[in-house]
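Presented below is the structure to which this report refers.
The values are calculated or read from the model by the stated rules, or taken from the named source; none is laboratory data. What you see is a predicted model, and the numbers here were worked out from it, not measured in a lab. No Cβ is skipped: glycine too gets one built from the backbone with ideal geometry, and neighbour counts run over all protein chains shown.
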Ligand SMILES: *[C@@H]1O[C@H](CO)[C@@H](O)[C@H](O)[C@H]1NC(C)=O
């Protein structure tokens, strides 16, 4: 990774700051349906900050990175994508860096974290999402019978 955080120089003030950071991280719950696409929301103020680097991880965000990275974008270019099922279908240039998982499956359930690298120390924008996967039920059955492969 290119990023190095000059945190160790902070000394005694670090634990205090870390407490503040943890309090400011929010967690959302999203429900997806097996076989359908599901979008995990993450947005930031691109008008104020411009196009920034961000990453998505499978697992909650840690203090300085995305856990178990599944996608990362470096100032507008996607530099890593674990699977083509992970897509950015929203208006990234307007700060909507929501992650869409195509053809979501039961195994996609779990925690995801979005981190947007807002310039400056200790102010990255972080969102944790808990994805719940459910059977699609009648909706999908109807589609299967009306649109055979
Ligand atoms: C971001 O894009 C998704 C669609 O991919 C949309 O559902 C969502 O409302 C958008 N969020 C904002 C804040 O515009």
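At a glance:
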read-out	value
Candidate set from the stretch 83-95 (those that are surrounded by fewer than 21 Cβ atoms within 10 Å (Cβ to Cβ) and in contact (Cβ under 8 Å) with a residue 24 or more places away in the chain); member that is nearest to the ligand (Cβ to nearest atom)	90
Residues of the stretch 24-35 classified as closer than 14 Å to residue 99 by Cα and either surrounded by 17 or more Cβ atoms within 10 Å (Cβ to Cβ) or free of Cβ contacts under 8 Å to residues at least 12 places away in the same chain (or both), total	1
Meets criteria (in a loop (DSSP other than H, G, I, E, B), modelled with pLDDT under 95 and surrounded by 16 or more Cβ atoms within 10 Å (Cβ to Cβ)) for residue 126	no
Answer residue from the stretch 96-110, given it is touching a strand residue (DSSP E or B) at 6+ places or on another chain (Cβ under 7 Å) and outside any loop (DSSP other than H, G, I, E, B) and is farthest from the ligand (Cβ to nearest atom) among those	106
Qualifying positions in the stretch 36-51 - out of contact with any helix residue (DSSP H, G or I) (no Cβ under 8 Å at 6 or more places or on another chain), in contact (Cβ under 8 Å) with a residue 60 or more places away in the chain and away from the ligand (no atom under 11 Å from the Cβ)	49
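Conditions (1) modelled with pLDDT under 95; (2) assigned to a loop (DSSP other than H, G, I, E, B); (3) more than 19 Å from the chain's Cα centre (by Cα), marked per residue:
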{"position": "1", "(1), (2), (3)": "yes, yes, no"}
{"position": "8", "(1), (2), (3)": "yes, no, yes"}
{"position": "35", "(1), (2), (3)": "no, yes, yes"}
{"position": "39", "(1), (2), (3)": "no, no, no"}
{"position": "57", "(1), (2), (3)": "no, no, no"}
{"position": "66", "(1), (2), (3)": "yes, yes, no"}
{"position": "73", "(1), (2), (3)": "no, no, no"}
